[in-house]
């Protein structure tokens, strides 16, 4: 029961984090709201940061979905 | 900083960390490209070149590095496929001969043809052969009865395209062989083995014309690719031939459409997603509990990395800048995300069968 509750809570949190990070990738890459200057990211390094955030976001999303899948299999 | 393969010229802590991250990302790119290439016989050049350009590596370093690493990796990958019984001499030999001829004719054209027209040309070829491959699967062509002339023509066009763009050999050769009635496993294995010689001929021609090679990019690509080679070759062996043929047709048509019409950022994003799905598909075949344990380990690693970032930020040694008005939010945000990932890691590695 405790594992089931943890699985769904952690899974949902990871899905939300993943979705926000993928959204942030676009904000960072296209420099919306001047985020590159806000975080003092040099323009030549912006694609590198965007790629890192994208990989992290995709992994978080996949991991979160697998936890939700695990929770659904208990039902 | 002598141990680093990249040299950004930025002699600071931030520069050191960014160079290290670029080197690790190069290894990941090599892994992803080679996993794709070793499992479905195509995609190494198509995936690695745009991703390396995205990392800020100039094309004059990226293309020769990809071709050289491709030569070495295809040799190992081809050997694994040969051992697994995925290579036939009567298919591989004509491919090598006509492929080298095509490459020798294609490389000099690189210096005359504009990029846009070249991409459109490659895109149309890929879409056509992807469609033909799907048609063959739909018509139920009997695999195993080869047409030698179709094999030679596939080899020539594949080598020619590889010579012009540095990529596309695997896609054209594999689908061409499928159209010629070659079994999907044999098509993938023979393409990869023949690509060793064809890429080597391209490397020799390019190195003669350009006289430059960056080992800082080539070595991480090779390391990442070497790890992916046996995993990719085993995936080919365990996939049903008909499904593999249909998957190859769909992937090639998508690559062709992207190459001809879509912007490069969209292409890169699409390829990263497809590669991720393929890797997850492979681990799904390995078994769900093992997949969960592997993901749990990665989650724990990410959690530890985030806690390290919090520590660096608090001690003022971080390689990134956080605006003072966001410092508190950033601190508590990272602590929460780190805790979530550590919990996910513990849940993942303690999964039951």
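The values are calculated or read from the model by the stated rules, or taken from the named source; none is laboratory data. A quick note: this is a predicted structure, and the numbers were derived from the prediction, not measured. Backbone-built Cβ (ideal geometry, glycine too); neighbour counts: all protein chains shown.
Structure above, values below:
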read-out	value
Close pairs from the stretch B:337-353: first more than 14 Å from residue A:66 (Cβ to Cβ) and facing another protein chain (nearest Cβ under 10 Å), partner surrounded by fewer than 15 Cβ atoms within 10 Å (Cβ to Cβ) and at pLDDT 85 or above, Cβ under 6 Å, at least 6 apart	none
Residue B:346 modelled with pLDDT of 70 or more and surrounded by fewer than 16 Cβ atoms within 10 Å (Cβ to Cβ)	yes
Answer from B:310, B:322, B:351 - the residue that is in a helix (DSSP H, G or I) and either surrounded by 15 or more Cβ atoms within 10 Å (Cβ to Cβ) or in contact with a strand residue (DSSP E or B) (Cβ under 6 Å, 6 or more places away or on another chain) (or both)	B:310
Scope the stretch B:20-47; condition within 14 Å of another protein chain (Cβ to nearest Cβ) and modelled with pLDDT of 75 or more; matching residues	B:20, B:21, B:22, B:23, B:24, B:25, B:26, B:27, B:28, B:29, B:31, B:32
Helices (runs of 4 or more DSSP H) within chain A that include 2 or more residues surrounded by fewer than 16 Cβ atoms within 10 Å (Cβ to Cβ), more than 9 Å from chain B (Cβ to nearest Cβ) and in contact (Cβ under 8 Å) with a residue 12 or more places away in the chain	A:2-29, A:46-74
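Here is a yes/no grid of residues against (1) over 30 Å from residue A:30 (Cβ atoms); (2) touching a strand residue (DSSP E or B) at 6+ places or on another chain (Cβ under 9 Å); (3) modelled with pLDDT under 65:
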site: B:192; (1), (2), (3): yes, no, no
site: B:200; (1), (2), (3): yes, no, no
site: B:212; (1), (2), (3): yes, no, yes
site: B:217; (1), (2), (3): no, no, no
site: B:226; (1), (2), (3): yes, no, no
site: B:233; (1), (2), (3): yes, no, no
site: B:241; (1), (2), (3): yes, no, yes
site: B:248; (1), (2), (3): yes, no, yes
site: B:271; (1), (2), (3): no, no, yes
